[in-house]
Every structure is written in structure tokens, then in C-alpha cells.
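The values are calculated or read from the model by the stated rules, or taken from the named source; none is laboratory data. Being a predicted model, the structure only gives us computed values, none of them experimental. Cβ coordinates were reconstructed from backbone atoms using ideal geometry, including for glycine residues, and neighbour counts include every protein chain displayed. Side chains are part of the model used for accessible areas, which takes the heavy atoms of the whole protein and leaves out ligands, DNA and RNA. Shrake-Rupley method; radii C 1.70, N 1.55, O 1.52, S 1.80 Å.
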Amino acid sequence: MKRFLLFLAFGTLISAQLWAQPIRKSSYEKNVALAHELLERRDYYNAILKFEEAYEEREDKTFLPLLGDLNYLVRDYVKAERYYTRILRNDKTDEFAGKRYFLARSLKLNGKYEEAIAEFQKVLEQTSGDSLRVLIQNEISGAEMAVELGIANSDGTIGKGVKLENAGREVNTMNSEYSPAYGPDGSLYFVGFNTKEVVVDEDKNPDRFARVFKAEKSDRGWGKPQELDDRINRPEAHTVNISFSHKDNRVYLTRAELEGTVRSQGKIYYAAGIDGAANEVKGINGDYVVLHPAVGELFGREVLYFSSNMPGGFGGFDLYYANRTGDGEYSNPVNLGDKINTPGNEETPFFRDGTLYFSSDGHPTFGGYDIFFSVWDGSSWSTPVNMGAGYNTSVDDQSLTLDAEGYKGFLTSNRPGGRSLRSRTCCDDIYGFEIARISANLVVGVFDEAKKQLNGATVGLIEMKNDVPGKIDSRTSERGNRFDYPLTLDMPYKILVNVEGYYPDSVTINTGGLKENKTFEHRFYLKPKPVPPPVAEYDTITIENPIVLENILYDFDKDIIKPDAEPDLQTVLELMTEYPDMIIELGSHTDNRGNDGYNKDLSQRRAESARRWLMRKGVSRDRIQAVGYGETAPKTVNAKAATLNPFLKEGDVLTPEYIDKLSTEEQKEAAHALNRRTEFKIVKGPTSIIIKSTRLRKVEPGTKAAPNKQTQPASDTVPAPKPSGAPKMEFKEKMVDFGTVKKGEQRSHAYEFVNAGQTDIVITLVSACDCTKVEWPDKPIKPGEKGILHVTFDSSEKDYAETIDVDIFLDYADPVTEAPAIVRVQYKFDIEK
């Protein structure tokens, strides 16, 4: 119930004979006497009428100050401006200098901002009190803001995306309606009067009391309100506010007493539900007025916000809170402080999701009361912000409330255009508003460099709140190249795209600050990886022509034959069995980094290790020459190597000088990798051998023949140079054998890994086939910490044995190549026939 709540009163105690007489025939003395009688009874409207008749009859200027004050009190600002202007125009001795403030206010409330600013400046020059100067300066600031925004010419609309309209004739009568609230069922609860006529405060009519009503909405709008029973609306009392705690449907209300339009008492009550009996709360009420209860939170506890004029505040009515300590019990009230409260009045609080909405006439406003909001950051309130045009006008705007989702709400206003008994701004109406639901969507298209559709892509959408990867939505499409995602508002995202045979790509977007619906569209044009030349069906091995054994790889600084190398050595064994007179050389080579002698020794040990493997299979030692070349025999680039590495030319020799002249670190590393190799060549026996080309080709992952893929060491003697921030993800095992599986069965495995690097491991995406479901940590793995990758295989669509790759994308890109960091684990299986 606001400060200017009016009980519009006819003088019902005036005799019928008096009202029956023509008013203009009443004597001057009789009108004056009756006007003072009505004024004493606080029947302000009828007192105004009688004082005006007396003034018109004699033009007695002594009535002007009183007529100005009374019209200002009943919010007829047009008349108030007129009377104050007449007073001050002829006031040569500054007898009525105090009325200039109310003239300035009336001008402002009538939207005459330039004139109001000029009058406020005059008042400011004559004011010495600090609190009053703050109020006046805020009045000027509010008027200047209104001029800048064009409030005087505004049609009252809020702006694009927000629809505001009067709640309708069923809800809004000629009297005031205020304190709107959403009930637990979505109904509208509000305070009003059970009459469409002027209410007289001192007669015996029970309709003179403010009551709580409930209205329900249909397709045709809000229906006829129903007055609540006396458990809420106590007889012979004004029930002037209502609000709810939607967690458990508690009801809070204010019961007040008035002397005329002045609130002389106000206390907060609560009930367990809308059908429960209301009881006075403990700990808040006192010998002062308490109004506008609103449930909220502060410091993680439930509190009750309210407005009060209790002693010790900053102005008229301040905002307070009290901690809830039990049913209907609260701690001592705490003032919200001078950032919220002013020397003026702060009222009608409403709290939602850390934001406090309230009305004030002490902060810079467009008119009388404006609606403001302030945000709680966990320790303090932000500087209050004016809600802006539409929510606020040149008059009084209060009681903003929102529904559970925050898209619909109500406010009260006496803005022109509402329903009124007297002047166009005398009475409050309830207005409803609806905020358009802003939505954001993402459409991703995947193409090759020629802008042709690429199917089979995997797209990962990653929430990146505070630059930390969060929820990931990963999708793969074998039949199309379009991916559609709904997006969350005020959220940054990273989009990762991966297609087999192409370099991955990524982009970031942000849905923050959207004012209207938006669809983010992004087309990825992926660069293909180099394609190896077609493999001939047969290879010819000639004498003294070395053949690289591509699968013979070693752990760093080791010479032990790994299982991955056995297919190549098995082929060599078969050839030596087929050609018993053949003598071969097994030559091992390193790159040129590190100590020459060490490289030579390491390569010799590796060649000897391969020879021992063949000897254990029955090959005589004298048929195998093991030679460690170290770094002394750089590779000559062949056609295949040139195709896979376009920066090389066939016939180039990968000497240290040649490598040092290459353009990028990536190119140099590729050249070093070519130098690190194991070869065999025929030194005696058949001059040429024709074999199937697949027998000595590097086996790629995903094939039946070679379930493991061992990554080539970056260097034989020292680890590959990595940026200090590069992640290092070490798995306990990278290959898992699920064995023979019945079609339709599922198998699972937890791949354990440790962060062996010096920076956090953040997994942004895991890509695998449709038969694989993967769960991975959604939080960073600190150096030294362990993590688990859960993989579940569904064999429903499988008919034969396979090796499946699981590619793990890390939140790291090579600073030179910008290629993402990818770690691969695998599993293999066979299908029971």
C-alpha cells in the first residue's frame, strides 16, 4: 500500500438538504466552514471541491497554498501545478518559498522536465541540509535522464520484446488496485476494494476496507476477481499487501490502519497457506509501520524483505530484511544500507534469483516512484539501476513481481490511460507484462575445401563457462553434414569438428547479451590430410635395394622388439624360409639428434635385437647381417614419402643441413621421423622377389591384421621438443582385447590414465564409432592426478572382427601448427560365428 493510497471520500455526513440545494447558491462562509469540516475528517476530495467553490466566489488567494497541497496529496498534479504556480508568481517576499519544491515535483510528474529542472535548481540554491540536497540533486538527475530518453513523449511501451498492457476492466476498477502477486497456481492475487464507487473511510460500510482478491485467467483475459474469506481478509481491517513463498505456499500479508490517507500502523502476518488462518509474525513488527513482505534469500539463508519507517533509517520508508528462524519467527530487522535506501522512500521489494526489485522516490526517477533493481554478488548489493522507460513513467510505478520462470510479471501504476475516479493520475491500476522468450540455436554444416558436402563428421559442442570445459554434446552423422543444436543463453561455446581423413577444426561462439532470437550458423571447410599413393598389388624386392620395415618401432631408448613389429619380421622369416640361400642385411637408422656414438650403438643394438628374433625362429645367424648405421645414412626421399609430405621432393636426401632449411618445425619433425627407420635388403641369393604389396606395408589402426598402432618416437635419443604447456596423458593400457563377443552383447572397460605433464588435462571431445559410448571426466585433471575413460561397446551392428579407435581431443593446440592434441586408445574384438 503506497504512501499516496487514497480513500476517495464523499461527505456523507453532509445533510441531504444541503446536497439538494444548488451548490453555487451556497454562501461563501458556508462553503468555507464545510470545507474545513471535511478537511478535518480527511475527506480530501470533497474538501477540495468546497475550497475551490469558495475561491472562485471571492478569489481569496489564502486558499491557494491549501488547494495546491491537497491536489498534490490526491495526485492531481495538473491542478497542483496550477495552484503552486499562482502562489509563487505573486510571492514577492518568499513567504511561500517552501512550495517551490512541490511545484518542481508537480512539473516533473506532469512530464514537464525542462521546467522542473529549472525549479529544482532554484530550490537547491536555497537548501542547506545534506539529505535534502541529495534528494533534490537526484530529482534533477532523474529529470535530466527522462529528457535524454524522451520519457515525456513515450507511449508507455517498454521496448522491443516486452509487451505491457492493462490487466483489464475486471481487475482494474475506478478505485486503486495494487500489490499484485502470483499465487502457487498461477492466479493473480491483488489488493483492492469491493466497490466501484468512492470509498468513505469513516462511514460504516464494510466496503471501505482494502481487501485481497483472486482472479484467474482464461483465453479471454483475467476473470472476475473473488474476495478471499476472513481468514485472510480480517473484518474491520485493511489488508493491504500479499505475497507468497512458493517453496511451501506460505502466505504473507500486511494489515494496516490509516488516519485519512496516512498510514498510522502496519504489521506483517503469515499463514501456512491461502486457506490458513493468518497470525502476526514475531520479531519484525513494532511501534512503527511495516509493509510489503517479500520472501527471499541472503547469505544462503531464507529472509523476509520488507519496508518500514522504523527509527534509525535513512529516510521515510527504508528496505530491511530479517532472517527466518522458525514458522512465523524472525531475527531482528537489518537495514539494507545506504546503497539501497535514500533520504526518500523505498518500498515494494520483490526478490528473484539474486536480484532485488523495489520502488523508490529517492533515487533518480522519471517521476514519483520508479522501479529499480539491484543484484547481490554474495557480499554486497550493486548500485540500483532504473528499470527504464515503459516500466517507469513520469508518475508512480511500483510493485514489480515476476512469475516462477521470470518471463511474465505485474506492476502497478497511476500512469495516464488507466481507470480513475477523479483526475487522470489519482488511482493505481495493475499492468501485466510479458518478456519474449529469447532463444538461440546453432546450425553446423561440414564441407570439404571444394565446398562439397562431407558426411560422417563428428561435431562436439562444449560449454566453456569461465573458460572451463563443461557439458559436451557430441554427435556423429553418417548420412548428412548438418548438425542442429539448441543453445543456452549467456553461455560461451567451443565447436569441434572431426572427419576421418581431414584435419579437425574448431570455432568459438557466445550467446551472451542477446536481445532477440538468433540462429548461429557456421560452415566448416575442412582441409584434407595427405592421401598416400595407391598401393600396387605386388612389390618387387631386388638385391641391394633396402625395404623399410614400417612396423618395427621401439620404445624410447630401448632395443626390445615390440609385438607390433612381429608381422614385418614374420614376413622376413617367411621369405628366408622360401629362399633358403638368401642372405639379408637388417639395418637400423636414427635421426641426427643426440650423440653420434650413442646413436650408432643404439641402432646396432636394435638391429641385433631383430636378428635375435629371427634366430629364435630357426634362421641361422650367418644369414643375417645386423648393421647399426646410427645417423650416418640419411634417407633418400622416394615417391611415396614425397606424396605424403608435399614439402619434400623425390630424390632429396634428408641430411641435417637439408632438414635445418625446412620452413616449419612440423616439416622438420616429419623429416626426422623418415630418417628413423629399420630396413632389410638382400645381399646374396635371389636377385629379385615379387611379393604381395600388403605384406610389408605399415598397418593402420582399424584393420584386422594389426590391432595396435605404435606412435613413432619423436627422437631416438631425446624426447621430442614440446611446449611446456603441452599435456601428457599416460594410459595404463591403450589396447584392450574384448575377445570373442556374441552379436548383441555389450562389453565395457575403464581406461586408467595419469597426468604425467606439467599442465592440466582437459578433455574437450571423444570421438568413436556409433557402436561406442564413452564417458570422460568433465573436470580438469591436475598434474599427478588420475582419471578414467569409461568405454562401452555395443556389438549389435557388428558382423566381423575389428579394431576400434577412440580418439581423445584435448584442450590444447600446437603453437606452430595449431593442430589439436589427440590421444588414441583402442579395443578389439571378434564376433562369434
Of residues in segment 613-622 being surrounded by 15 or more Cβ atoms within 10 Å (Cβ to Cβ) and out of contact with any strand residue (DSSP E or B) (no Cβ under 7 Å at 6 or more places or on another chain), the one farthest from residue 682 (Cα to Cα)
613
State the number of residues belonging to segment 231-256 that are open to solvent by less than 10 Å² (accessible area, probe 1.4 Å), touching a His at 6+ places or on another chain (Cβ under 9 Å) and closer than 15 Å to residue 328 by Cα.
1
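For residues that are in a loop (DSSP other than H, G, I, E, B) and under 22 Å from residue 811 (Cα atoms), scanning just segment 513-530, find the one that is most open to solvent (accessible area, probe 1.4 Å).
Pass one, segment 513-530, residues in a loop (DSSP other than H, G, I, E, B): 513-517, 527, 529-530.
Keeping just the survivors that are under 22 Å from residue 811 (Cα atoms) gives 527, 529.
Working: 527: 116, 529: 92 Å².
Of everything passing the filter in segment 513-530, 527 is most open to solvent (accessible area, probe 1.4 Å).
In segment 584-602, which residues are out of contact with any helix residue (DSSP H, G or I) (no Cβ under 8 Å at 6 or more places or on another chain) and more than 17 Å from residue 569 (Cβ to Cβ)?
Taking segment 584-602 first, the residues out of contact with any helix residue (DSSP H, G or I) (no Cβ under 8 Å at 6 or more places or on another chain) are 585, 594-602.
Matches in segment 584-602: 594, 595, 596, 597, 598, 599, 600, 601, 602.
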Out of the residues in segment 122-142 that are open to solvent by less than 50 Å² (accessible area, probe 1.4 Å) and not in a helix (DSSP H, G or I), which is farthest from residue 367 (Cα to Cα)?
129
Sole exception among (1) in contact with a strand residue (DSSP E or B) (Cβ under 9 Å, 6 or more places away or on another chain); (2) closer than 22 Å to residue 683 by Cα; (3) open to solvent by 40 Å² or more (accessible area, probe 1.4 Å); (4) modelled with pLDDT of 80 or more for residue 550, by number
(4)
Is at least one residue of segment 391-402 assigned to a loop (DSSP other than H, G, I, E, B), under 20 Å from residue 77 (Cβ atoms), touching a helix residue (DSSP H, G or I) at 6+ places or on another chain (Cβ under 7 Å) and open to solvent by less than 10 Å² (accessible area, probe 1.4 Å)?
yes
Among the residues of segment 803-810, are any of a type in the set (Asp, Glu), assigned to a loop (DSSP other than H, G, I, E, B) and open to solvent by 30 Å² or more (accessible area, probe 1.4 Å)?
no
Taking segment 47-78 and keeping residues basic (Lys, Arg) and surrounded by fewer than 19 Cβ atoms within 10 Å (Cβ to Cβ) leaves 58, 61
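Can you confirm whether segment 412-431 contains a residue that is open to solvent by 30 Å² or more (accessible area, probe 1.4 Å) and among the β-branched types (Val, Ile, Thr)? Talk me through it step by step, then tell me what you get.
Our first condition is that a residue be open to solvent by 30 Å² or more (accessible area, probe 1.4 Å); within segment 412-431, this holds for 416-417, 419, 421-422, 424.
Retained after the next criterion (residues that are among the β-branched types (Val, Ile, Thr)): none.
No, segment 412-431 has no match at all.
Does residue 142 satisfy the condition of being under 41 Å from the mean Cα position of the chain (by Cα) and on the phi > 0 side of the Ramachandran plot? Lay out the reasoning, then the answer.
On the way: under 41 Å from the mean Cα position of the chain (by Cα): yes; on the phi > 0 side of the Ramachandran plot: no.
No.
Do we find that residue 458 is in contact with an Asp or Glu (Cβ under 8 Å, 6 or more places away or on another chain) and among the β-branched types (Val, Ile, Thr) in this structure?
Numbers: in contact with an Asp or Glu (Cβ under 8 Å, 6 or more places away or on another chain): no; among the β-branched types (Val, Ile, Thr): yes.
Taking the combined requirement at face value, the residue does not satisfy it.
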Name every residue in segment 88-121 that is open to solvent by 50 Å² or more (accessible area, probe 1.4 Å) and in contact (Cβ under 8 Å) with a residue 24 or more places away in the chain, in order of residue number.
90, 96, 101, 102, 112, 114
Do you know which residues across segment 62-100 are over 15 Å from residue 45 (Cβ atoms), assigned to a helix (DSSP H, G or I) and among the basic types (Lys, Arg)?
82, 86, 89, 99, 100
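Report the residue count in segment 308-319 for those that are touching a Ser or Thr at 6+ places or on another chain (Cβ under 7 Å) and either closer than 16 Å to residue 241 by Cα or aliphatic (A, V, I, L, M) (or both).
Initial filter on segment 308-319 (touching a Ser or Thr at 6+ places or on another chain (Cβ under 7 Å)): 314-315, 317-319.
Checking which are either closer than 16 Å to residue 241 by Cα or aliphatic (A, V, I, L, M) (or both) leaves us with 317, 319.
The total comes to 2.
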Criterion first (under 25 Å from residue 412 (Cα atoms) and in a strand (DSSP E or B)) does residue 343 satisfy it?
no
Between 346, 329, which is surrounded by fewer than 16 Cβ atoms within 10 Å (Cβ to Cβ), closer than 23 Å to residue 245 by Cβ and at pLDDT 95 or above?
329
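Take residue 454 and tell me if it is in contact with a Leu (Cβ under 7 Å, 6 or more places away or on another chain), closer than 28 Å to residue 530 by Cβ and surrounded by 14 or more Cβ atoms within 10 Å (Cβ to Cβ). Explain how you work it out, then say what you get.
Details: in contact with a Leu (Cβ under 7 Å, 6 or more places away or on another chain): yes; closer than 28 Å to residue 530 by Cβ: yes; surrounded by 14 or more Cβ atoms within 10 Å (Cβ to Cβ): yes.
Criteria met by residue 454.
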Exactly one condition in (1) open to solvent by less than 30 Å² (accessible area, probe 1.4 Å); (2) not in a strand (DSSP E or B) is false for residue 372; which is it?
(2)
Kindly indicate the residue of segment 349-365 that is more than 15 Å from residue 243 (Cα to Cα) and among the charged types (D, E, K, R) and also least open to solvent (accessible area, probe 1.4 Å) among those meeting that condition.
361
Does residue 738 meet the test of being at pLDDT below 85 and among the aromatic types (Phe, Trp, Tyr)?
no
Based on this model, can you work out whether residue 679 counts as in a helix (DSSP H, G or I), surrounded by 13 or more Cβ atoms within 10 Å (Cβ to Cβ) and at pLDDT 50 or above?
no
